[in-house]
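Some notes on the structure that comes next.
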Amino acid sequence: MNAGQLNTRITVKRNSKTADGFGGWTSGETTVGSFWAKVEEVGGEVKQENGIRQRYVDIEITMRKRTADNLQNNDLVEVEGSTAQYRINSKYSADLDFMTTLKATKVD
């Protein structure tokens, strides 16, 4: 893969819990980092559950292997120029060209 194809900026966030001073927990999101990647929409569907129609969009993110090694399933991805968040479902490495492909689904 040509490095020029990594032309989209993504921000990766992770859900985290921190202890508050009263014996409880506060949950929030921490930013893992901002990276260059190739992002492509690969599919989607409309499902109806409990009388509510929801649209699911699947994307494929290709990025450098060393960068993707720090990412985990269930991390949240925000694509630059979009307000949608995507949840990482799976990742697999392509040893050729030292790239990793992530599959993610839009979170509503």
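Remarks
- Criterion (loosely packed, with under 10 Cβ neighbours inside 10 Å and without any contact (Cβ under 8 Å) to a residue 60 or more places away in the chain) met by exactly one of Gly24, Gly33: Gly24
- Residue count for region 61-84, restricted to those that are open to solvent by 40 Å² or more (accessible area, probe 1.4 Å) and in a strand (DSSP E or B): 2.
- Residue in region 92-99 that is in contact (Cβ under 8 Å) with a residue 24 or more places away in the chain, closer than 18 Å to Leu6 by Cα and open to solvent by 80 Å² or more (accessible area, probe 1.4 Å) present: yes
- Any hit, region 8-23, residues being under 11 Å from the mean Cα position of the chain (by Cα) and in a helix (DSSP H, G or I): no
The values are calculated or read from the model by the stated rules, or taken from the named source; none is laboratory data. From a predicted model like this one, the values you see are computed outputs, not experimental measurements. Cβ: placed from backbone, ideal geometry, glycine included. Neighbour counts: every protein chain shown. Side chains are part of the model used for accessible areas, which takes the heavy atoms of the whole protein and leaves out ligands, DNA and RNA. Shrake-Rupley method; radii C 1.70, N 1.55, O 1.52, S 1.80 Å.
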